[in-house]
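Have a look at the structure below, then the notes.
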Amino acid sequence: MTTAYDIAHGEEGPVLETRGLSVFYGEKQAVRDVTFSVPRGTVVALIGPSGCGKSTLLRCFNRMNDLLPDSRVEGEVRFRGTDLYAPSVDPVEVRRRVGMVFQEPNPFPRSIYDNVAFGPRINGFRGDLDALVEASLRRAGLWAEVGDRLGDSALKLSGGQQQRLCIARTLAVEPEVVLMDEPASALDPIASQRVEELVYELKREYTIVIVTHNMQQAARISDYTAFLYLGELIEYGPTDAIFTNPREGSTEAYMTGRFG
Amino acid sequence: MSEHRRRRRRALGGAFAAVCAASTLLGLLALGLLIGDVLLDGASQLDTDFLTRYASRVPEQAGVRAALAGSAWVVGLTALVSFPISVGAAVWLEEYAPDRWTTRALRTNVANLAGVPSIVYGILGLAVFVRALGLGHSVLSGALTLALLVMPILVLTTQEAIRAVPSTLREAAYALGATRWQVVSRQVLPAAAPGILTGTILALSRAVGETAPLILVGAVGFVAFSPSGPLDSFTVLPVQIFGWITRPQPEFRALAAAGIIVLLTLLLLANSAAILLRDRHSARNAR
């Protein structure tokens, strides 16, 4: 069972919510009976040792698990109260409203401009695309570095710049939630810190769920922390409480580096 | 380890490298002899007139114009038919097909088809296109037969090119709310295009060199005109060469050698184009 704390949700209720969620890859169960909720306008960190199901859980929120042929989902995932796995729900529509940033920067082999414009274009954006591209790059803190060379290939950027470009690309679709799967782990310390600062700024406008291996990072940027172990949600609550006084032994053991 | 054993190991390694080098040299030597022999025989016949003259019973007045035009017609039509079908099939197999045993059987059989001897395609072409569909001994029959021949190869190389597109690219597009069609048409196919084009050039260059299936569907060794439509009768370069070689007069042997030089030049040009395309692509992808 999950050790849960009181989570304040305000009048609108949680943005994301799971009830009894289990995910299987073929025979293997990656997520076990997870129930938790993400309050609006917060950053929730998912922590836990490798293979604990953090990324799998994250990929339920935009139905990316659908792309894997053997995956199966049981239980409920709700986005603003709508069951994301209801038959009437189009996964493409879900992904337009719930954005995702991946571990490895994965820009398209195109120009910087085309990378940011791709999402709006495929979603039938009508309006000032140039302005949208600029605004997205500004929000991702990249405009100052690339504003004068939007036609350059995105592959020429440094790893950290590529990752911020991927964030800008995600923001250009104007999602309500941004999922991040260890977005800074493949970057050098300085680039990693810039991405971290960016996440901190973005939480004013977006709800963010972030998977991280970095305890300090989780402590610095998140409002709530969920500790997963072997597919189960062990403990979920305000980051301060989890970090200063975890109730579960395994949470404490993981955070103090005794396993992981 | 003893000094003796160490020396023995080194000697073994050296011997292996020598055998490998000798094999390579043997292959190169054979190719060199072939080209040298052909050049000796054919170079004297090779001039612009040779390219612009039609076939003739008089060796001094014979040329490959009809064969060149026929090859161009046949390969052009082959490309037109095989390219869209093959790319479509490869896209379906890689991006859409469910992973069932039927799909796996289909994949395996495409690979098997690529290994079927070309003469079998010739017999099929003769039975289906020439006879059953009544297309006769025409450019179209030849092109459709060659299309059957190259399609399995094209499907395989296109599948490989599609598989080489990193899955992170697909994920990125899906995560932005792209539909499957948008992912395929806007990211996967453009990223795979250089590989697909390289494979197409190589497959078509194989079609250019094919002789046996075209003899079966009725390409003839003596044609005194270029085809002007898909239903005209035709010849192609390798069949023309074959026709000349089977004649007893030594002059025609020289003509055949000159024809081989033309054919080899075309094939080498096509292969160089394929290599250039591939290198340019990998240079662009390297940061």
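The values are calculated or read from the model by the stated rules, or taken from the named source; none is laboratory data. Everything numeric in this text was worked out from a predicted model, so none of it was measured. Cβ placement follows ideal geometry from the backbone for every residue including glycine, while neighbour counts extend to all protein chains displayed.
Taken together, the residues in the range A:134-162 that are away from chain B (no Cβ under 14 Å) and either free of Cβ contacts under 8 Å to residues at least 12 places away in the same chain or over 20 Å from the mean Cα position of the chain (by Cα) (or both) amount to 12. Considering the range A:130-189, the residues that are among the acidic types (D, E) and closer than 28 Å to A:R80 by Cβ include one that is surrounded by the fewest Cβ atoms within 10 Å (Cβ to Cβ), namely A:E176. Restricting to the range A:47-65, and then to whatever is more than 11 Å from chain B (Cβ to nearest Cβ) and within 17 Å of A:G26 (Cα to Cα), can you tell me which residue is surrounded by the most Cβ atoms within 10 Å (Cβ to Cβ)? Among those residues, the one meeting the criterion is A:L57. Here the range A:77-96 is the region considered, the condition is being surrounded by fewer than 16 Cβ atoms within 10 Å (Cβ to Cβ) and outside any loop (DSSP other than H, G, I, E, B), and the residue that is nearest to the other protein chains (Cβ to nearest Cβ) is A:E93.
All of B:R253, B:R206, B:R280 fail the test of being out of contact with any Pro (no Cβ under 7 Å at 6 or more places or on another chain) and closer than 22 Å to B:R57 by Cβ, apart from B:R253. Return yes or no: is A:S22 farther than 16 Å from A:I234 by Cβ, small (G, A, S), surrounded by 16 or more Cβ atoms within 10 Å (Cβ to Cβ) and under 20 Å from the mean Cα position of the chain (by Cα)? No. In summary, A:P175 fulfils each of the numbered conditions (1) over 20 Å from A:T207 (Cα atoms); (2) under 23 Å from the mean Cα position of the chain (by Cα); (3) not hydroxyl-bearing (S, T, Y) with the single exception of condition (1). Restricting attention to the range A:97-110, the residues that are in contact with a helix residue (DSSP H, G or I) (Cβ under 7 Å, 6 or more places away or on another chain) and either part of a strand (DSSP E or B) or of a type in the set (A, V, I, L, M, F, W, C) (or both) total 5. Being at pLDDT below 95, within 9 Å of chain B (Cβ to nearest Cβ) and outside any helix (DSSP H, G or I) is a description that does not apply to A:E74. All of A:A186, A:A219, A:A226 fail the test of being assigned to a helix (DSSP H, G or I) and small (G, A, S), apart from A:A219.
Kindly provide the set of residues from the range A:1-16 that are buried (at least 20 other Cβ atoms within 10 Å of the Cβ) and either free of Cβ contacts under 8 Å to residues at least 40 places away in the same chain or not hydrophobic (A, V, I, L, M, F, W, C) (or both), ordered by number. Of everything in the range A:1-16, just one residue is buried (at least 20 other Cβ atoms within 10 Å of the Cβ) and either free of Cβ contacts under 8 Å to residues at least 40 places away in the same chain or not hydrophobic (A, V, I, L, M, F, W, C) (or both), namely A:P14. Only one entry in B:R53, B:R65, B:R10 is surrounded by 10 or more Cβ atoms within 10 Å (Cβ to Cβ), at pLDDT 90 or above and either among the basic types (K, R) or touching a Leu at 6+ places or on another chain (Cβ under 6 Å) (or both), namely B:R10. Entry remark, the range B:186-211: residues being over 14 Å from the mean Cα position of the chain (by Cα) and not charged (D, E, K, R) number 9 in total.
Candidates in the range A:97-129 are the residues that are crowded, with 18+ Cβ neighbours inside 10 Å and farther than 23 Å from B:S167 by Cβ; of these, the one that is farthest from the other protein chains (Cβ to nearest Cβ) is A:Y113. Among the residues of the range B:153-179, just one is away from chain A (no Cβ under 14 Å) and either farther than 30 Å from B:V116 by Cα or acidic (D, E) (or both), namely B:E160.
Number of residues in the range A:46-71 that are assigned to a strand (DSSP E or B) and without any contact (Cβ under 8 Å) to a residue 60 or more places away in the chain equals 1. At least 2 residues being small (G, A, S) and within 24 Å of B:L231 (Cα to Cα) is the threshold, and among the helices (runs of 4 or more DSSP H) wholly inside the range B:60-125 those reaching it are B:65-91, B:118-125.
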